[in-house]
Amino acid sequence: MTDMAKAAQEAPDLDALRAAATALRAEDLDPRWLANLVGAETGSWPEFAALVHRTVPPDDRWIVMELCRRTLTAPGSRLELDKDTRVGKPFFHHGDLVVAGDLRVVAPFLVTGSVTVRNVFTDSGPDSSVMIGDGLRARAVYTDGEMYVSDTISAEIVYCYYNDHTLEAKAIEAGLVIEDDHCVIATVRAEHHFDMDTFRQGYGEGVQDRLRELLAPEVFVHEPDNEPRMDHRLLFERLHQGLEVLRQASAHP
């Protein structure tokens with residue numbers, strides 16, 4: 001049995017889950033979805049993650065993490081995956097997760113501890129919803145879905161794409177952060193930060209000139225009679241291959 005299969009067998013203590021919900025209600029935290037979430041007969045924690053994906057508004061994901069913290073009082077475990085990993089089914093792990101290569105998430109994903117990805121972390125909205133109870137560390141992060149990180153995202157590059165979803169974190173520490181028409185709720189500490197108003201889907205004044213100074217020429221599309229334009233797909237193809245993309249070394253947090 002694989003480590004991921006073992007994680008999928010974890011079953012919630014429904015009594016403890018409902019007791020934690022009762023405590024939250026006593027503290028005036030009683031959103032409308034809470035009763036349905038803890039009232040369902042979920043047979044596993046991955047089923048619980050899938051139910052969160054379907055029923056809990058993104059703005060309330062922090063309440064879910066608090067519910068898990070109060071329910072899972074025993075220390076979590078460390079799960080290490082030694083190769084590129086694709087999460088295609090609802091996933092839950094209590095503790096820290098370490099992935100030796102790339103991690104691609106295309107399903108509900110809930111980890112109560114930290115997530116460390118040696119290379120590239122990507123999600124896939126609307127199929128995914130990422131909830132992390134501590135920090136996220138990766139070489140690069142690409143998100144176009146709902147992502148909630150309780151602590152800090154640390155990476156060389158963080159690219160946030162498309163306007164249907166939100167990235168929320170305590171902070172982002174990176175060499176390069178690009179908000180490509182994607183809402184970001186976080187304190188951003190980056191050497192180079194292109195927020196939505198600056199980037200303007202790549203058409204902001206002087207944006208492509210600045211990017212050409214920062215990034216390898218292989219990540220740009222060259223069209224006749226037009227200036228070269230950065231293509232995030234080429235950028236992440238190169239990152240997935242483990243190749244350098246920054247012209248000048250930026251400190252990795």
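Observations
- Sequentially through the stretch 45-52, phi angles give Karplus couplings (6.51, -1.76, 1.60; θ = phi - 60°) of 5, x, 4, 4, 4, 5, 5, 4 Hz, Gly and Pro residues having no value and appearing as x.
- The distance from the alpha carbon centre of the stretch 204-223 to that of the stretch 109-175 is 24 Å, rounded to a whole number.
- Dividing the C-alpha radius of gyration of the stretch 14-65 by 2.2 N^0.38 Å, with N its residue count, gives 1.05.
- Built amide H within the under 5 Å cut-off of Glu146, gap 5+: Val130, Thr166
- Virtual paramagnetic centre 7 Å along Cα→Cβ of Ser44, amide N under 15 Å, in the stretch 109-137: 109-110
- Over every Cα atom in the stretch 107-253, the radius of gyration and the widest Cα-Cα span, Dmax, amount to 14.7, 50 Å.
- Probe 1.4 Å, accessible area per residue of the chain, Å²: 47
- Between Glu205 and Lys89, residue separation times 0.36 nm minus the direct Cα-Cα distance comes to 37.6 nm.
- Averaging 1/r over every pair of different alpha carbons in the chain and inverting the result gives a Kirkwood radius of 19.0 Å.
- Mean sequence separation of contacting Cα pairs (under 8 Å, at least six apart), scaled by the length of the stretch 106-148, corresponds to a relative contact order of 45 percent.
- Formal net charge of residues neighbouring Asp151 (Cβ-Cβ distance under 9 Å; K, R +1; D, E -1): 0
- Furthest towards positive pole of dipole, Val207, Asn163, Ala174, structure part the stretch 144-247, Cβ charges: Ala174
- The chain: relative contact order as a whole-number percent, Cα under 8 Å and 6+ apart: 10
- Accessible carbon and sulfur surface of the stretch 40-166 relative to its total accessible area, %, 1.4 Å: 45
- The phi-based Karplus calculation (6.51 cos²θ - 1.76 cosθ + 1.60; θ = phi - 60°) puts the 3J(HN,Hα) values of the stretch 131-146 at 10, 10, x, 10, x, 10, 10, 7, 5, 8, 10, 10, 9, 10, x, 7 Hz, whole numbers, x for Gly and Pro.
- Calculated from backbone phi, Karplus (6.51, -1.76, 1.60) coupling profile of the stretch 16-30 in Hz, x at Gly/Pro: 5, 4, 6, 5, 5, 5, 4, 5, 5, 4, 5, 9, 6, 10, 9
- Ellipticity at 222 nm from helices only: DSSP H runs of n ≥ 4 in the chain, each -39500 (n - 2.57), divided by the residue count, give -7500 deg cm²/dmol.
The values are calculated or read from the model by the stated rules, or taken from the named source; none is laboratory data. These figures come from a predicted structure and were not determined experimentally. Cβ atoms come from the backbone with ideal geometry, glycine included; neighbour counts cover every protein chain shown. These area figures cover heavy atoms from the full protein model, side chains too; ligands, DNA and RNA do not enter into them. Shrake-Rupley method; radii C 1.70, N 1.55, O 1.52, S 1.80 Å.
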